[in-house]
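Read through the structure below, which is laid out as structure tokens, and then see the notes.
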Amino acid sequence: MSLPFAQPSEPSEPAPASEPAPASEPAPASGADPSLPFLVGFDGSFRSLAAARWAAREAWSAGAPLHLLHVGQAWPVIQPISPEFVPVLGESELAIVTVLSSLAAELRSAYPGLAVETATAEGGPGSELPRAAARSKARLIVLGASGHNHHVVALLGSTALHVAGRAEVPVVLVREPAERGRRGLGVVVGVDPAGDYASVLDFGFAWAATHGLPLRAVQAVRAVGAGASAEQLEAAVAAVSTRHPGVAAECVSRPGEAAHVLVDESAAADLLVVGRRRHRPLHGLGPTDHAVAHYARSPVALIPHG
């Protein structure tokens, strides 16, 4: 039976060319509990496969374990009408477990020392993934996002939207494909001058410190040289940078709409970090982070705050 899931590479496959295979176990990221896992929502698609590979590299760099979780609807209890009917349901469920096991083996081979666990759960992915993150005290959730097109709903997906807007931990959306790896360009942090962005800057600085990358704090303004907000941004960045003295940081104020500015900045970033206010109605995303989640050209980290 052909499997309706993206097949991961064989365990012997080397790490992508743009990211050489690691040779020794890294030191944990400073200030982070190395026991807290990175949780990946895996649905068997190519975008979730890209997310899993990205998360494996990042978890290895942070010295954290990796959890791969597939969430699906409960299998119905049905009285078989023929002997051939029962294996159909059984094989479909077994396919999920087989793909997860194969993917875990690939990631352990590519990143020696990386602890990878796999699990399946029943329920709706949009609600079960945040619950699983809370139970495991996950450091963050990683989900796959489709490539660029003009169909907004298909671009991200209802599950990713729900999780990104409701989770109490950071959610990283990885756009397919993720084979380009880290490019050494740096971390871009989108700052809302009117918001509480200390936690957003903290996340960005910690990520940049882990990978030895520069950080660029960007805010969209109505006009260049909007004095008060520019000074506030510089003061906030200076305060956070004292906890990460090895990170080279710059502050940039660009005229324009925040969504347009940040999507443009993402083209030259290894990671775009933006804040997401808690307790928003509907899908939980504001207009700026909603647009960035759909159209950014780099992985996007949505940090809950407020």
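The values are calculated or read from the model by the stated rules, or taken from the named source; none is laboratory data. Please read all numbers here as calculations on a predicted model, not as lab measurements. In this analysis, Cβ positions are derived from the backbone assuming ideal geometry, glycine residues included, and neighbour counts consider all displayed protein chains.
For the range 37-62, the set of residues classified as part of a loop (DSSP other than H, G, I, E, B) and modelled with pLDDT under 95 consists of Phe42, Asp43, Gly44, Ser45, listed by residue number. How many residues, within the range 195-225, are of a type outside the set (Ser, Thr, Tyr) and surrounded by 17 or more Cβ atoms within 10 Å (Cβ to Cβ)? Residues flagged as of a type outside the set (Ser, Thr, Tyr) and surrounded by 17 or more Cβ atoms within 10 Å (Cβ to Cβ) within the range 195-225 amount to 19.
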